[in-house]
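Contents: one structure, followed by commentary.
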Amino acid sequence: MLACNRLRLDAPDGSPWEDYRIENGHVEMRVPDVEAKPQNGSWRKLTPEQITLHVMRSTVVAQWLQRRIGVHALLRACTQQSVAAKPTEEESSQEAVAA
């Protein structure tokens, strides 16, 4: 996996960091498991609602996702489609007309 497909956020107040990654067409996150080794937190997929919240708040995660996957794939991720999903022929033609 490429390092650029991961993002780590360190909290300034000393609370646990958060890792984000793009894996198999999905956005996933983990926080450290303080009872086990910190690097062993389990990854979980972000729901479309969670991704939408990041986008609406213009968080660092949303900005990172937009740079990594593009605005159209990010919008699709907000509507339950995989970030790796390719646009349909109709979507591609609509995007071309809009540009």
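The values are calculated or read from the model by the stated rules, or taken from the named source; none is laboratory data. This is a predicted model, so every value here is computed, not measured. Counting neighbours? That spans all protein chains shown, and the Cβs are built from the backbone with ideal geometry, glycine included.
For the range 12-41, the tally of residues that are at pLDDT 85 or above, among the aliphatic types (A, V, I, L, M) and assigned to a loop (DSSP other than H, G, I, E, B) stands at 1. Whenever a residue of the range 51-65 is surrounded by 13 or more Cβ atoms within 10 Å (Cβ to Cβ), its partners that are assigned to a loop (DSSP other than H, G, I, E, B), lying with C-beta atoms within less than 9 angstrom and at least six residues away or across chains, give the pairs Ile51/Val83; Thr52/Thr79; Leu53/Thr59; His54/Leu46; Val61/Leu46; Leu65/Val83.
Table: residues versus (1) modelled with pLDDT of 95 or more; (2) within 19 Å of Leu7 (Cβ to Cβ); (3) in a loop (DSSP other than H, G, I, E, B); (4) not basic (Lys, Arg).
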| residue | (1), (2), (3), (4) |
| --- | --- |
| Leu53 | yes, yes, no, yes |
| Trp64 | yes, yes, no, yes |
| Gln80 | no, no, yes, yes |
| Lys86 | no, no, yes, no |
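Name the single residue, out of those in the range 2-29 being without any contact (Cβ under 8 Å) to a residue 40 or more places away in the chain and of a type in the set (A, V, I, L, M), that is surrounded by the most Cβ atoms within 10 Å (Cβ to Cβ).
Out of the qualifying residues, it is Met29.
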